[in-house]
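Q: Got a structure for you, questions after.
Read-outs throughout are calculated quantities, based only on the coordinates presented, and are distinct from any laboratory measurement. Fair warning: this is a prediction, and the values are worked out from it, not measured in the lab. Note: ideal-geometry Cβ built from the backbone for every residue, glycine included; neighbour counts use all protein chains shown.
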Amino acid sequence: APAVLIPGAGAAAVFNDVRIEGAQRVEPATVLSYANIARGQDVSAGELNDALQRLQNSGLFETVEILPQGGVLVIRVSEYPTINQISFEGNRRIKDDQLAQVVQSQSRRVYQPSQALQDANNIAQAYAAQGRLAARVDPRIIRRSDNRVDLVFEVREGNVTEIERIGFTGNRAFSDRRLRNVLDTKQAGILRTFIRRDTFAPERLQLDEQLLTDFYRSRGYADFRVQAVAPELARERDAFYITFNIQEGPRYRFAQVNTVSEIPGVDAGAFAAQNRVGQGDVYNPAAIDNTIRRMETVAIQQGLNFVNIDPRVTRNPQTQTLDLTFAITRGPRVFVERIDIEGNTTTLDQVIRRQFNTVEGDPFNPREIRNAAERIRALGYFSDAQVESRPGSSQEQVIVDVNVEEQPTGSLSFGASYGVSSGVGLNASLQENNFLGRGQTVGVSLSTADGDQSSSLTFIEPYFLGRDLRFGFNTYYNVTESLNSDYNTRSVGVRPSIEFPISQNGRLELRYRLSKDTLGGVEDESSALLQAEEGQRVTSALGYSYLWDTRITGLDPLTSYKLRFSQDFAGIGGDTKSVTTSALAGVESNAWREEVTLRAEFEAGAIYSFDDYSTWILDRYRNGTRIRGFEPNGIGPRDLAADNEDGLGGNYFWVVRTEAQFPVGLPEEYGISGGLFADVGSIWGLDDTVGTGGVAVDDSMSIRASVGASVFWTTPIGPLRFNFSKAIQQEDYDEEQNFDLTISTRF
Amino acid sequence: CGGGSLDSDKRNLDRFTAEEIYKRGEFELENSRKPEDAVFYFAEVERLYPYSEWAKRALIMQAYSNHRGQNYEEARAAAQRFIDTYPGDEDAAYAQYLLALSYYDQIDEVGRDQGLTFQALQSLRTVIEQYPDSEYARSSILKFDLAFDHLAGKEMEIGRYYLKRGHHAAAISRFRVVVEEFQTTTQTPEALLRLVEAYLALGLTDEAQTAGAILGYNFQSSPFYADAYSQLRGRGLAPEARGDNWLNNVYRQMIQGRWL
Amino acid sequence: CSPVYRNHGFIPAPEDLSQVVVGQTTVDELAGLIGRPSAQGLLTGSGWYYVGSRWRHFGALEPREINREVVAVSFTPGGVVSNVERFGLERGRVVPLSRRVTEGSVTEISLIGQLLGNLGNFQAADIVD
C-alpha cells in the first residue's frame, strides 16, 4: 500500500515526543531506529519523508503513516501478518518438499503478498521446466488469530506438451534424421511417456543450437550458422513443432598450414614439429586446439615466458580452402602475485603448493597452471579442486585461487573370525593415503587368523626431504594354506625403495628386497618336483625399474604410451641366485570423440639362474591375473603324472592384452561403462623337468588365448571391474575361470 | 524409550502458553544431550506466539542452542534473523557476537582453512564497531587478535615453504606482507628474522641490516633477534636452532612433520 | 639420466632496461618500463630488486640453483632512480635457516582425530583381494 505523504508541512517542526500506534510484533525501539528522528530538534518535511521511506522499505509494515500532532509525532503502522503454515494442494507430479525449496516465503516469517505471487510464479516455472506449460498456480491465504495467516498454493497441473516433429530447412549435406540424433531434444516417439527429453524446454534449444554448430564445424563447415529456431505451439496447446533454419556454407579443407614466430630469438622449428593439422585435411577446430596445446607445452620446455600462440585463419571461399598460420607472438607481461589455497581442512598447504611448478613472482603461464590443477586432482585427496586466476593488485599481476574440497582418504576396519579348526582370529586394517595431511601413505593390516594370513606395513613419502624423491618402505608376513594349490607357504620380508625423475618423461626406481620364504606341507600326491623344492630360502635382491610415461608432460592428450623395464639381481647373500628381467609396454588411446578408450599392453618376463641354482615354485611366474579367463595357477607347465597335477609355474612368460572400453548409454551419474577384451600369451620353461616317476614334464611354450566382456562400475568405495571371460585356446589340463571381480587399475 | 514421550508432547503444544513452551525449551537445553530438542521448542514458541516477548527471546535462544549443538549454519541463520527483525534490541549485540562465534569456533576445528578465518574476522569486526560498549566487544577484540594471528601464521607457513626451497624473492614478498599488515601479531619477530636470512641469501646485505635493526629495535629480547644477530655476523646459529646430523634431520622432517 | 632445467623469477630484457635512465626515470614510470619487481626492501623508498634464477633438477639430488641474476634499482629519497646494479650468484650466501618456528595458536589435526574420522568407511581393496 502506498505511503501517505505529509500534506503541506512546509515549515520545520519540533517534536519532543513520538508515539507509535499499531506496532504489535515489531519493537518500538526497532521502529525508532528505522525512523531515527532526533528529539527536540527541528525536523524538516524532507527528513520526515525520508523516515517514511525507510519505514516503508523495511518490509515489516503493510501501511505506514506519519502524522505530526502539535508537539507529538504519531507513527501509525499496520504490520504484515506472519505466516503460520505453508501448504500445497493439487500437486501430483512434483512433491511438496521439492516445491517448498522453490518457495521463498517461510513459516514464522512476515507474509508479503508480492513474495507470495513471486512464489506462485516460481512453481509455475518449475512445472514449465518439466514441459507442463498449461500449469496454473494461485496463492490463497486463510486468516488466523493473532494477525497470522496460512498460505496455500492451489496447483492445476494440466498435461505435458510434447514435441511432435523436429524439422530442418537448408540442410543439404546431412539428412533430417542424422541431424535429429545430434540434438539433445528428442522427437516424441512410441516411448513418449518414459523419455523426458521429448518435452519442450526452451533452455534446451540453445544447447541444441550449440550441438548443431559443433557438429557442422568439426566436419569442415567453418561458416555454418543457425539462422532461426521456430517453435510453434499447436492450437490445442498440447503439441509443439520445431524447425531449425540453418545455413551450411561451403565445406572447407586446409590448404597452406605454416608456423611463424614473431618473437625475436625464438625459432618456429620446434613448434612447427608439433603441428597435427595436415594439408588437405577437412577443417576441424579440435585439431587446431590440440596443436596449440602441444605448442604451449614446447614453450614451457624451452622456458620461454609470455608466449602466446594464436591461429590465424584466412578463408578463400572460391577454392573452398583455408590457410592456417600458427603465429607465436609475445603475450602480455603478467606475473603470478600470489597462490592462495583454501578449503584444505586436513591437507597441509605445501602438499598442494608443491604441485605447482610456478613460484609466486614467476611469469604467468596458463598452460602451467592447468597442468598443476591436473596434478592436484590426481592426488586423490579432494572431491573437487578448482584452480582459477583473478586480477591481482596491479594490472600486470594475477592471483591464482585454489579451492579444494576434502574427501575421506582413508579406511579403518576391524574384524574377527572364528573357525572351528583355526579358533578365533582378529584382523584390522588401516589405510590412510593422506596421513596427517602430509601427503604420506600409511597402510597397516594385521590378521592373526589361522590359515590364510596377510599382514603388512606400508609407508610412502612422495616428497622425501622436500624433493621430488619418493621413499617407499614395505614389510610383510604372509601365510597361505593351499590357496589355489596343494601346499603351504610362509614368507616374511622387507622392501625399501626410492624413485625419482631422471628425464622429462622418465623415472627410475631403485629397490632392495630381503625375504625368507618357506614351502611346506607338500602332500605326497603332489609332483616330485614340488616335493624336492620343499624347504626354506632367503632372498636378498637389489633391483631397479625404469618407468617412461608420456603423460608426465601430457604432450598428446588423446594417446599415451608407457614403458616399464625392471631387473632384480638376487644373489647378494641369501640362497637365491637369479636375475629376473621383466618388461611392460602399453599404449592407450581415446577414439571416436574421446568416448571409446582403446588399450593394448605387451608384457614379458624371464628368470635366468646362475651358479647352478634352480628356481622354485615361489620364484617362477604363475598366471595371477596376467591372462584373464584362467585361474591364478591355471596355466603353465603341469606335472600330469602326479595325482594333484599342481601347476609348477614357468621361468618365462609373455602376454598381449588388448581392450576397448565404451559407454553403454546409461546416464553419466551411474558410472557404469562396458568393455571387450582379448588376451593371448604363454608361461613356460622349467630348470628341472623330470617329474613324478621319471615322466618328463612338458614345459614347452604353448599359446593360451581368451576373449571376454567386462563391466566397469565406479562405486563410492572404489572402481570395480566385473570380467566375464571364455578361453578359446588352451591346453586340456588348464583350469579356466569364467568370472572375476577386480579393482580396475588406471592405465 | 524416553524419546517416545517427547514426540507425543510435540504435537499438541497449542494448549500451552508461550512461557511454558519457552521454559520447556530451556529445560531441554540444560538436560538433554541433544540441543536440537531445545531448538524445536524455541521454534514452536515463535510460530505459535509470534508477537510475544517470548518469541524474541526464543529466537536468540534458538541461535544459542544451535551453536551449542555445533550446527553452525542454523546458528548463523537464526542470529542473522534476530539482527534483521530486532536491530534496536539490546540482545542484538549478543546475536552479532553469536554470529561471529559461529565462524570463529570453526577455525579450531578446521585448522588450515583460510576462507573461514576471513569471515570470522569480518563478523568480529562488526561486533567491535557496532557495539563497542557491550560486554561482548572486549572478548571479540581478544578473539579478533587470535584469528588475526592465525592468518599471519598461514602467511609465515607459505613464506618458510619458499625460503626452504631457495625461492628468496617469493619468500621476501610473503614475509613483507606479515611485517606490513600483521605487525601486531606474534609472528612479526620471526618474519623479520626470515627477511634477514632471505636478503643475506640474495646478497642484499644493506637490506638485511635494515631488517635486523628493526627487529633489534622492537624485539630486543626475542630469541629471533639472537638468531638474526648471529646470521648477520656470519657466526654459527645457537644449537637448538641449528639442527644436527642427517638422520635426526630425516626423523624430524618425515616423522614429526617439522619440515623446515 | 638427463637433468631437467627450470627458470623462476624474471629479469627485464636488456632493451627494456636500457630505457631506464639513472637520475631521470621516477619510481612511478619504472613499473611501466620494466614491470613489477620480484622483491622490495622493507622501508618506503628502498630498492626494487628483480631476481631471475635457473634451477637444475637432476635425479635424486636436491635441485640446485645454477645461475641467478639480480638487477638492483635503488632510488634517491625523492623517488628518482639513483643506481641500477647487476650481480649474480657470487654475491649470494648459503644461509643455514634457523629452525625456530613461532608455534601457532591453532592445534594441528591429531593422529587420533584423523584415524577416528576413517572409522567405518572402507575401500574396495578390503573386500576384493
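Q: Determine the sum of side-chain charges near A:Val336: Lys and Arg each +1, Asp and Glu each -1, restricted to other residues whose C-beta is under 9 angstrom from that of A:Val336.
A: Every neighbour counted, the sum reads -2.
Q: Would you mind checking segment B:188-221 for residues with the amide N under 20 Å from a putative spin-label position 7 Å along Cα→C-beta of C:Glu62?
A: Hits in segment B:188-221 for C:Glu62 at 20 Å: B:194-204.
Q: Under 10 Å, Cα contacts only: if you run a Gaussian network model on chain B, which one of B:Asn31, B:Asn245, B:Asn218 comes out with the highest mean-square fluctuation?
A: B:Asn245
Q: Along the positive direction of the dipole of the protein assembly as shown (beta-carbon charges: Lys, Arg +1; Asp, Glu -1; about the Cα centre), which of B:Val196, A:Thr82, C:Val101 reaches farthest?
A: The Cα lying farthest towards the positive end belongs to B:Val196.
Q: Show me, for segment A:677-683, the HN-Hα J-couplings you get by feeding each phi into the Karplus relation (A = 6.51, B = -1.76, C = 1.60, θ = phi - 60°), rounded to Hz, glycine and proline as x.
A: My calculation for segment A:677-683 gives 9, 9, 10, 8, x, 7, 10 Hz in order.
Q: Compute, for segment A:66-200, the length of the dipole vector about the Cα centre, with Cβ point charges of +1 (Lys, Arg) and -1 (Asp, Glu) only. Units Debye, rounded to 20.
A: For this selection, approximately 500 debye.
Q: Obtain the nm distance between the two label points defined at A:Glu154 and A:Ile300 by a simple spin-label model: each point lies 7 Å from its Cα along the Cα-to-C-beta direction.
A: Result for the modelled spin labels: 6.4 nm.
Q: So, one more: log10 I(q)/I(0), Debye, Cα-only the protein assembly as shown, no solvent, q = 0.07, 0.08 Å⁻¹?
A: -1.03, -1.28
Q: So, one more: Looking only at B:Ile214, B:Ile172, B:Ile60, which one moves most when chain B is put into a Gaussian network model with springs between Cα atoms under 10 Å?
A: Looking only at B:Ile214, B:Ile172, B:Ile60, the biggest GNM fluctuation is shown by B:Ile214.
Q: Looking at the square roots a ≥ b ≥ c of the eigenvalues of the Cα gyration tensor of segment A:415-522, which shape do they give, rounded for a/c under 1.5, prolate if a/b is larger than b/c, or oblate?
A: oblate
Q: If you don't mind, another one. Taking the Cα centre of chain B as the origin, how large is its charge dipole in debye, to the nearest 20, when only Lys and Arg (+1) and Asp and Glu (-1) carry charge on their Cβ atoms?
A: I would put it at about 1180 debye.
Q: At 0.36 nm per residue, and after removing the present C-alpha to C-alpha distance, how many nm does the segment from C:Val101 to C:Gln24 gain when stretched out fully?
A: 23.3 nm
Q: Right, next: From the phi of every residue in segment A:502-507, what ³J(HN,Hα) in whole Hz does the Karplus formula 6.51 cos²θ - 1.76 cosθ + 1.60 yield, where θ is phi - 60° and glycine or proline is x?
A: My calculation for segment A:502-507 gives 10, 7, 4, 10, x, 10 Hz in order.
Q: Using θ = phi - 60° and the Karplus relation 6.51 cos²θ - 1.76 cosθ + 1.60, list the HN-Hα couplings for segment A:165-179 in order, rounded to whole Hz, with x at every Gly or Pro.
A: Once θ is set to phi - 60°, the couplings for segment A:165-179 become 9, 10, x, 10, 10, x, 9, 9, 6, 10, 6, 4, 4, 4, 6 Hz.
Q: Under a point-charge model restricted to the Cβ atoms of Lys and Arg (+1) and Asp and Glu (-1), what is the dipole moment magnitude of chain A relative to its Cα centre, in debye to the nearest 20?
A: The dipole magnitude comes to about 3100 debye.
Q: Filter A:Lys95/A:Lys186; B:Lys34/B:Lys143; B:Lys23/B:Lys143 down to the pairs with a C-alpha to C-alpha distance above 29 Å, please.
A: Exceeds cut-off: B:Lys23/B:Lys143.
Q: Residue farthest toward the positive end of the dipole of chain A, with Cβ of Lys/Arg at +1 and Asp/Glu at -1: which of A:Trp684, A:Leu412, A:Val398?
A: A:Val398
Q: Do you know the relative contact order of chain A, to the nearest whole percent, from alpha carbon pairs under 8 angstrom that are 6+ apart?
A: Over chain A, the number comes to 5 percent.
Q: Only sites in a loop by DSSP and with at most 16 other Cβ atoms within 10 Å count here; which GluC sites (Glu not before Pro) in segment A:464-568 make the cut?
A: A:Glu523, A:Glu525, A:Glu534
Q: Quick one: which residues, 5 or more positions from A:Ala642 or on another chain, have an amide H under 5 Å from its amide H? H modelled 1.01 Å from N in the peptide plane, none for Pro or chain starts.
A: When sequence neighbours closer than 5 places are left aside, the close amide H contacts are A:Thr692.
Q: Can you work out the FRET efficiency for the pair A:Phe565 and A:Tyr733, with r the C-beta to C-beta distance and R0 = 25 Å, to the nearest 0.05?
A: 0.15
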